[in-house]
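Novice: Pasting in a structure now, in structure tokens, and then I'll have a few things to ask.
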Amino acid sequence: MNREQAQPVIFVDTVGTDHALFQHIHAAVALGAKSLLVLACDANGFTPTQLDARLQALPIPIFGGIFPEIIADGRKLTCGSVVCGLPVTAQVHLIGELSNPEADYFPQTEQLVTTLTPGTTLVTLVDGLSKRISALLECLYEALGTRHQYVGGGAGSLSFVQKPCLFSNQGLLEDYAQIVSLDLPISIGIEHGWHKFAGPFFVTGAYDNTITTLDYRPAFEVYKEVVEADSGKRFSDTEFFDLAKAYPFGLDRLKGDVVVRDPLFPKGNALVCVGEVPANHIIYILKGEAENLLEASRQCADTAMWGQTPAMLALLFDCISRTLFLQDRFAEEIGNIRSRLPDNVPLLGALSLGEIADAGNTCLEFFNKTIVLGVLGGQQEQSA
Amino acid sequence: MTPTLELVSVQYALALLIGQDLDLRTMLRKFLPPALKLLNCRSGYIWLHKGEPVSAATIPEPCYSYPAVHGTLTDTQPVLAKLLQPFAANGWQVNKPGEIIETGGTYYHLMPLGKSGLLVLLRDPPLPESHLLALGLVLKRLETACLACLQHAYLEEARKEALQAKEAAERASKAKSEFLAMISHEIRTPMNGVIGLTDLMLYSELTATQREYLGMIKSSSNALLDIINEILDFSRMEAGTLALSPASFHLRPLLQDMFTPLTVRAKEKSLALHWEIASDVPDTLEGDPGRLRQIMINLVGNAIKFTESGEVAVSVALQSSTPTEPVQLLFAVRDTGIGIPPEKQAAIFQPFQQADSSITRRYGGTGLGLTISSRLIEMMGGTLRLESDPGKGSIFYFSVPFKQAATATISTPSETKPHQPLQVARPLHVLLAEDNAVNRMLAVRLLNRAGHTVSVAENGKEALDGWLANPPDAILMDMQMPVMDGVEATILIRQQEQRGGLPRTPIIALTANAMSSDRDKCLQAGMDDFLSKPFNTQDLLNVLDRTCVPTEASA
């Protein structure tokens, strides 16, 4: 890699071994990469014991995560890894205790004000099964606000068992957030395609990422009534997520828009979601049609490509539940995005547990069941 | 959802975001970020003001904003700062609630918080009129919450300042008390010399006039010592360093011993002094006999002092007694004196107060005696009370609990021989460690006169060497000495005794440090007894007699 080209180098492994991963990492380093983005599949079964010593020995910054599935240049991988050697030096900041109910993240995010150069892109990756992701993002936006643009998502396993899932120079991390500053411009598209189907309901009881009551009734009871009636299936004889993946919640925003919340599993009569649900807000149960979701992917790519020339790399965070919902047609979603990108712009991505983005005209949010596409432009100052 | 329902639901959610927190930032932090998300806004800024105009150049930082403002508003949000200038200069008055100003594709919504603040919302596209009006009602509630927070902060600040002032006053008072305690202690050392040397001179050949003068010096010195002791006690009480020294004692001999000199004083004023201890009052008790004696001397002394004719009567009665609980004893001192008017009765327990200033002129005294007695009684678990009839007399009485003591452990002044002849029956070899030359000479003379042999040391090191070279029957050890202090010397002596299997030499602390903590320090180091300066000859001989128990060989 040289500065004139300033292009990323990408290595894809479809086997999913730690040996192949480090072979590619070392190859990227040898080619002059200044930092490494690594996306790996949960099915690889990577553990800290396997990776930590070698991650700690790396000479350049590394970031990324282990996701249920990944996207490597237009292909969805259920096993394997992608290593992207970036032509810029990433500044990686870590914030831990992402499930601690007492933690105030503001002092740590406020420290970033003096460390980070305004205008840089913040790739924000979190352990997607942590309980206080929205609280962290609120503190991040409170401290840094509109000085940066944000893109990212939640790493983790579809087994919903929390485990080390973020790559760092310290090793694999669990219950952490990773704020990565890249001195590259970005344009972002955010779409979901779900529509309001039942409601409104008042969230009368909620804490962290758990809804306890809707309209003063047990949340799962209300949800079950609606979903079973519409689907003709019963939660008693169907895996919860198989049924729930088609019926997410939507937090109402003014003028018809919604922020999607994915119900993960019932806890007694409460429902645990990906990301926090605030109490006393209006919520809907949403429903999706494949066509609407696929249309959303087209709109998302159009928005992200608008005004970003020359594009260098497209980074996609697409909710894993969309693949579960679209199933075979998910290839169309990726195809829609790929087709709108210039041929020479690689598309990398993760099928994530929650998506992070700043739409540009609202506050930073944690989304579910959403497509977030960030198109990174070339480095702003280039001199050989 | 219908527009009406949407409006109500937004209002509902926003109203419930206004929390109960009394910290302004916490309250606003729980309100503004979720409110902005709900309203699809980009950012929001809240100022609290008193409607006073602000000069155009200095728009103050908002009291809360999401996201935060780092640095001045003019530097970080120049468009907003410029936009606000005319409003701020005009006492923060907006043309209409929910005024929207469009600049550079962003819509700035100016929403007053009643008359106390302003919220600016940034949103694209702008909020509809109906939503602005719905928001207005919520913001009035937010104003009330903000004012409650400000009021709370003001009260907290005032409370903190009052607390700091109180602590400063207490520190100053404690420092004053410590200073008084220190000064009183310093005065005791030379007083030891004055009283001791007077005693010594009184044993020599004197003319009648010289004897009379020396008697006056002695009584004046004792009066001065009483005053110093009262100031020292009071200062220690104020400084919180006075503690009781519990010990087993016999009540009847203690009071008998105490009444003897008081009877002399009563007789001098032609007063009758009666005292009676009820027969069911147990004799062997556990408490602080020294302090009990001090209280009784004060109360009976006052009764004699303020009674011109008639009598002073003291009684001790059993109030309650169960086998498992301490006995409750009622002490009462009755006189036929001048009495105390009802309106003055509360004041006499306050320091430096007597019933009126003419009393001070007529009868003298520091005005501390009753305060000290009253506080000592409180420390013992009782309350000093008074009933008085002006012109007819007063009764001071108190009830305090005492544990009943096992006879075997009793060691009280009553067991000593208070009126030993000056010439002792059992001469001892005493090693005296004392750095003050006057006090050293005085102690040597007194001890020699009584028949004891004395060797001297000027510091702890010399005492240790002296003890090694020629083991004495007893050591009188000053606590504070140069080179090596008395405590260290004692520890070394005790260690060497243990290592060498040597007999234990009685060591008596002899010091002007009258604090009970000093006494504990001495006893912990291995000393056997403690005599505080100034002491009289008899006390010195008594402590030696008490500590140096005759062995079979020497008896």
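Novice: Averaged over all directions, how much area does the convex hull of the C-alpha atoms of the range A:330-370 cover when projected, in nm²?
Specialist: Average projection, Cα convex hull of the range A:330-370: 3.8 nm².
Novice: How large is the accessible surface per residue of the protein assembly as shown, computed with a 1.4 Å probe and reported in Å² as a whole number?
Specialist: 43 Å²
Novice: Where q = 0.16, 0.17, 0.24 Å⁻¹, what log10 of I(q)/I(0) comes from the Debye formula for the range B:26-74, counting one point per Cα?
Specialist: Once normalised to I(0) and log-transformed, intensities are -0.52, -0.58, -0.94.
Novice: Oh, and also: For Cα pairs less than 8 Å apart in space and 6+ apart in sequence, what is the mean separation divided by the residue count of chain A, i.e. the relative contact order in percent? Intermediate results must be reported in sequence, preceding the final value.
Specialist: On the way: 978 pairs, mean separation 78.3, N = 384.
It comes to 20 percent, rounded to a whole number.
Novice: Separate question: What spacing in nm lies between the two simple spin-label points modelled at B:L468 and A:Q56, each 7 Å away from Cα in the Cβ direction?
Specialist: 5.8 nm
Novice: Between B:H152 and B:Q345, what is the label-point separation in nm under the 7 Å Cα-to-beta-carbon projection?
Specialist: 4.8 nm
Novice: Between beta-carbons, use under 13 Å as the cut-off and find the net charge around A:Y141, counting Lys and Arg +1, Asp and Glu -1. Write down the numbers at each step before the final one.
Specialist: Values: positive: A:R147, B:R29, B:K37, B:R42; negative: A:E110, A:E138, A:E142, A:D358, A:E365.
Cβ neighbours under 13 Å give a net charge of -1.
Novice: Could you list which residues have their amide H under 5 Å from that of A:C363, counting only those 5 or more apart in sequence or on another chain, with H placed in the peptide plane?
Specialist: Long-range HN contacts for A:C363: B:C41.
Novice: Translational diffusion coefficient of the range B:35-170 at 37 °C, 0.692 mPa s, Stokes-Einstein with Kirkwood Rh over Cα pairs, in µm²/s as a whole number.
Specialist: Rounded, D is 202 µm²/s.
Novice: Kindly state, to the nearest 0.05, the FRET efficiency for B:K115 paired with A:T146, given R0 = 30 Å and r defined as their beta-carbon distance. Spell out each step's value before the answer.
Specialist: On the way: r = 31 Å, r/R0 = 1.02.
Once rounded, the FRET efficiency stands at 0.45.
Novice: For the range B:1-40, divide the Cα radius of gyration by the Kirkwood radius and give the resulting Rg/Rh value with two decimals.
Specialist: Value, to two decimals: 1.07.
Novice: Something else about it: Checking buried surface per residue: for the range B:63-106, which residues lose a minimum of 50 Å² accessible area in the protein assembly relative to the chain alone (1.4 Å probe)?
Specialist: B:Y66, B:P67, B:H70
Novice: By how many degrees, 0 to 90 and rounded to 10, does the Cα axis of helix A:133-144 deviate from the longest principal axis of chain A?
Specialist: Taking Cα atoms only, the helix is inclined about 50 degrees.
Novice: With only alpha-carbon atoms in the gyration tensor, what are the semi-axes of the equivalent ellipsoid for chain B, in Å, largest first?
Specialist: 78, 31, 23
Novice: Another question, then. In degrees between 0 and 90, to the nearest 10, how far off the longest principal axis of chain A does helix A:290-305 point, with axes built from Cα atoms?
Specialist: 40 degrees
Novice: Next question. Given B:K174/B:K305; A:K245/B:K30; B:K174/B:K403; A:K131/A:K267; A:K131/A:K369, which pairs have Cα atoms separated by over 21 Å?
Specialist: Distance filter (> 21 Å) returns B:K174/B:K305; A:K245/B:K30; B:K174/B:K403.
Novice: Run the numbers on the range A:240-273: which residues show a drop of 40 Å² or more in accessible area, chain on its own versus all protein chains together, using a 1.4 Å probe over heavy atoms?
Specialist: A:R253, A:L254, A:K255
Novice: Per residue in the range A:348-369, which ones lose no less than 30 Å² of accessible surface when going from chain alone to all protein chains (1.4 Å probe)?
Specialist: A:N361, A:T362, A:C363
Novice: Along the Cα→Cβ direction, 7 angstrom out, place labels at A:D302 and B:L244. What is the inter-label distance in nm?
Specialist: 9.2 nm
Novice: How much of the calculated P(r) for the protein assembly as shown lies past 52 Å, in percent of all Cα pairs?
Specialist: For the protein assembly as shown, the share of Cα pairs beyond 52 Å comes to 50 percent.
Novice: Which whole-number percentage describes the relative contact order of chain B, with Cα contacts under 8 Å and a sequence gap of 6 or more?
Specialist: 10 percent
Novice: Kindly express, to the nearest 10 degrees and within the range 0 to 90, the angle between helix A:219-231's C-alpha long axis and the longest C-alpha principal axis of chain A.
Specialist: 90 degrees
Novice: How big a patch of accessible area, both sides summed and in Å² to the nearest 100, lies buried between A and B at a 1.4 Å probe?
Specialist: Between A and B, the summed buried area is about 2800 Å².
Novice: Over all directions, the average projected area of the alpha-carbon convex hull for the range A:99-215 comes to how many nm²?
Specialist: 9.6 nm²
Novice: Using a Gaussian network model of chain A with C-alpha springs under 10 Å, which one of A:G65, A:G232, A:G268 is most mobile by mean-square fluctuation?
Specialist: Answer for the Gaussian network model of chain A: A:G232.
Novice: Quick one: pull the percentage of alpha-carbon pairs in the range A:251-384 with a separation above 26 Å.
Specialist: Values: 2579 of 8911 pairs.
In whole percent, the long-distance tail amounts to 29.
Novice: Also: If each residue of separation counts as 0.36 nm, what is the full-extension length gain between B:R265 and B:T2 once their alpha-carbon separation is subtracted?
Specialist: 84.5 nm
Novice: Give me the percent of Cα-Cα pairs in chain A that sit more than 40 Å apart, rounded to a whole number.
Specialist: The share of Cα pairs beyond 40 Å in chain A comes to 10 percent.
Novice: Something else about it: For the range A:272-383, give me the percentage of DSSP beta bridges that are antiparallel, rounded to the nearest 5 percent.
Specialist: Around 60 percent of the beta bridges assigned by DSSP in the range A:272-383 are antiparallel ones.
Novice: If you don't mind, another one. Considering only A:E69, A:E333, A:E142, give the residue with the highest GNM mean-square fluctuation for chain A, with springs between Cα atoms whenever their separation is below 10 Å.
Specialist: Greatest mean-square fluctuation among the candidates belongs to A:E142.
Novice: How much net charge surrounds A:R132 when only other residues with a Cβ under 9 Å from its Cβ are counted (Lys, Arg +1; Asp, Glu -1)?
Specialist: Details: positive: A:K131; negative: A:E97, A:D208, A:E276.
Here the count lands on -2.
Novice: If amide H atoms are built 1.01 Å from N in the plane of the peptide, which residues on other chains or at least 5 residues away come under 5 Å of the amide H of A:L184?
Specialist: Those qualifying (amide H under 5 Å, at least 5 residues apart or on another chain) are A:T121.
Novice: Quick one: with all protein chains in place, what share of the accessible area of the range B:184-228 is carbon or sulfur, to the nearest percent (1.4 Å probe)?
Specialist: It is 64 percent, rounded to a whole number.
Novice: Using a 1.4 angstrom probe on heavy atoms only, work out the carbon and sulfur share of the accessible area of chain A in %.
Specialist: With neighbouring chains kept in place, the figure for chain A is 50 percent.
The values are calculated or read from the model by the stated rules, or taken from the named source; none is laboratory data. Small disclaimer: the values here were computed from a predicted structure and weren't measured. Every residue, glycine among them, receives a Cβ derived from its backbone with ideal geometry; neighbour counts consider all protein chains shown. Remember, those area values only see protein heavy atoms, side chains included, never the ligands or the DNA or RNA. Shrake-Rupley method; radii C 1.70, N 1.55, O 1.52, S 1.80 Å.
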